[in-house]
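Enquirer: Dropping the structure in here first, questions after.
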Amino acid sequence: MDRTAFRELLIRYSNNTATAEEKALIDHWYELLYNNKLPALKQSELDNIEQEMWAHIEKAGNLSGPFTVYRSIKRKRLYYFAAAAVIIGLVISGWLVFFHSAKTFSYEISRRQNKLSESVNATTTPQRIDLEDGSYILLKPASKIAYAQHFGANKREVYLEGEAFFQVAKDATRPFYVYTNELVTKVLGTSFDVRAFSHDDTIQVMVHTGKVTVYKRKNGATEQELAKANATIITPNQQILFNRQLASFTRSVTIQPQVINTADNTDSKQFVFTDTPASEVLMMLQRSYGIPIIFDEELMSQCSFTGAFTNESFFERISLVCKAIEATYEQADGQVIVTGSNCEKINRLTKIHDK
């Protein structure tokens, strides 16, 4: 809270326009210290108190240290000065404790309040935890997870501190929720990783199969509904990084995308190409990995690619295609954007040169 905010709070209190919560908080603190209610403050007195108090705070450099009392100050004004000094310290610390902490969550508090079972991995290898609905969790080292032995009729909930892989059984009637201190990850049935160590600057959610919805965790029902409405959806081989300091999301492609295990990807012949339009090759890569690839279909259909994919990574394969057709690619918001030259023009110039 800065000086302007503090002054506005005192004005609202003195004008009887503060909220019931603000009044109750200030009265409660004052009564604890002086066993009396804060007297009404006149506007002229409030001006003097606010000016002198804030000047002293800035000079002292902290809000919790002692305040020097000068004999020239009248007894009545000294009374108000002391009262206001106490209030500002308590208001600032109290707002931080009551209002800021209300916006954050604690794994331990959630576990105790909901009377949940807990699994802690104190080993150096992942531990498998089987849940009653057929889902299982691979809990990574130095991590812990809390959950009910029997899920509710409408949803399945777990609380994580650390890192874990989730293989969630499909159940459209009971969404599966993973709660960390700042985020909620919601799925119906899929596989994904969540990394949320308390010492990390970011929280990571990475999807292997299916679709995952991620949004901020809020206290109030209205705020939570608003967060849900602004949720981010990630699909296979995409990830979300949540910056704790900025409270912001970044969606990107995972570092090592894996081929999605579907029937279409079991035939190795599909990775061999002979004068195949580049548009078809890019579409095949998009289907195989589930990663959106943005390109000009008409332009890329004029380019051809000849080659075979064997053990290359996703990005190596994209690079090979781009190199062959004189194109470039970049990542943006969990997608790959391919920008190419006019292959029809290049082919025409090549033929003229050959003549």
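Enquirer: Out of all the residues in the stretch 148-186, which are closer than 20 Å to PRO126 by Cβ and β-branched (Val, Ile, Thr)?
Expert: Going residue by residue through the stretch 148-186, those that are closer than 20 Å to PRO126 by Cβ are 158-169, 176, 178, 180, 185.
If the condition is that a residue be closer than 20 Å to PRO126 by Cβ and β-branched (Val, Ile, Thr), then VAL158, VAL168, VAL178, THR180, THR185 are the ones that fit.
Enquirer: Same structure, new question: Considering only strands (runs of 3 or more DSSP E) fully contained in the stretch 120-193, which possess at least 3 residues that are more than 18 Å from GLN204 (Cβ to Cβ) and over 24 Å from the mean Cα position of the chain (by Cα)?
Expert: Numbers: elements: 127-130, 136-139, 143-147, 156-167, 176-179, 183-187.
Result: 127-130.
Enquirer: Could we say that LEU241 is within 18 Å of ALA332 (Cα to Cα), of a type outside the set (D, E, K, R) and assigned to a helix (DSSP H, G or I) here? Lay out the reasoning, then the answer.
Expert: Numbers: within 18 Å of ALA332 (Cα to Cα): yes; of a type outside the set (D, E, K, R): yes; assigned to a helix (DSSP H, G or I): no.
In short, no.
Enquirer: For the stretch 218-236, name all the residues that are open to solvent by 40 Å² or more (accessible area, probe 1.4 Å) and either farther than 20 Å from GLY334 by Cα or of a type outside the set (Val, Ile, Thr) (or both).
Expert: LYS218, ASN219, ALA221, THR222, GLU223, GLU225, LEU226, LYS228, ALA229, ASN230
Enquirer: Yes or no: LYS228 among the basic types (Lys, Arg) and assigned to a helix (DSSP H, G or I)? Quick ask: steps written out before the conclusion?
Expert: Values: among the basic types (Lys, Arg): yes; assigned to a helix (DSSP H, G or I): yes.
Yes.
Enquirer: Output yes when any residue across the stretch 237-253 is within 22 Å of GLU108 (Cα to Cα) and crowded, with 18+ Cβ neighbours inside 10 Å, and no when none is.
Expert: Yes: the stretch 237-253 contains one or more residues that are within 22 Å of GLU108 (Cα to Cα) and crowded, with 18+ Cβ neighbours inside 10 Å.
Enquirer: State yes or no: is ILE293 open to solvent by less than 90 Å² (accessible area, probe 1.4 Å) and either β-branched (Val, Ile, Thr) or at pLDDT 95 or above (or both)? Steps first, please.
Expert: Working: open to solvent by less than 90 Å² (accessible area, probe 1.4 Å): yes; either β-branched (Val, Ile, Thr) or at pLDDT 95 or above (or both): yes.
So ILE293 fits the description; yes.
Enquirer: Which residues, counting only those in the stretch 194-215, are part of a loop (DSSP other than H, G, I, E, B) and in contact with a Ser or Thr (Cβ under 6 Å, 6 or more places away or on another chain)? If you could, list the steps in order and put the result at the bottom.
Expert: Filtering the stretch 194-215 for residues part of a loop (DSSP other than H, G, I, E, B) gives 197-201, 210-211.
Residues satisfying the conditions are GLY210, LYS211.
Enquirer: Residue by residue through the stretch 214-248, note down the ones that are among the β-branched types (Val, Ile, Thr) and within 14 Å of THR180 (Cβ to Cβ). Can you show your working first?
Expert: To start, the set of residues in the stretch 214-248 that are among the β-branched types (Val, Ile, Thr) comprises 214, 222, 232-235, 240.
Across the stretch 214-248, the qualifying residues are VAL214, ILE240.
Enquirer: I want to confirm something. Restricting to the stretch 296-328 and keeping residues that are open to solvent by 80 Å² or more (accessible area, probe 1.4 Å) and part of a helix (DSSP H, G or I), which single residue is nearest to PRO236 (Cα to Cα)?
Expert: GLU316
Enquirer: Still on this structure, please answer the following. Looking at this structure, is PRO236 outside any strand (DSSP E or B), closer than 27 Å to PHE315 by Cα and in contact (Cβ under 8 Å) with a residue 12 or more places away in the chain?
Expert: Values: outside any strand (DSSP E or B): yes; closer than 27 Å to PHE315 by Cα: yes; in contact (Cβ under 8 Å) with a residue 12 or more places away in the chain: yes.
Judged against the criteria, PRO236 is a match.
The values are calculated or read from the model by the stated rules, or taken from the named source; none is laboratory data. Fair warning: this is a prediction, and the values are worked out from it, not measured in the lab. In this analysis, Cβ positions are derived from the backbone assuming ideal geometry, glycine residues included, and neighbour counts consider all displayed protein chains. The protein model used for the area step is the full one, side chains on, heavy atoms only, and it has no ligands, DNA or RNA in it. Shrake-Rupley method; radii C 1.70, N 1.55, O 1.52, S 1.80 Å.
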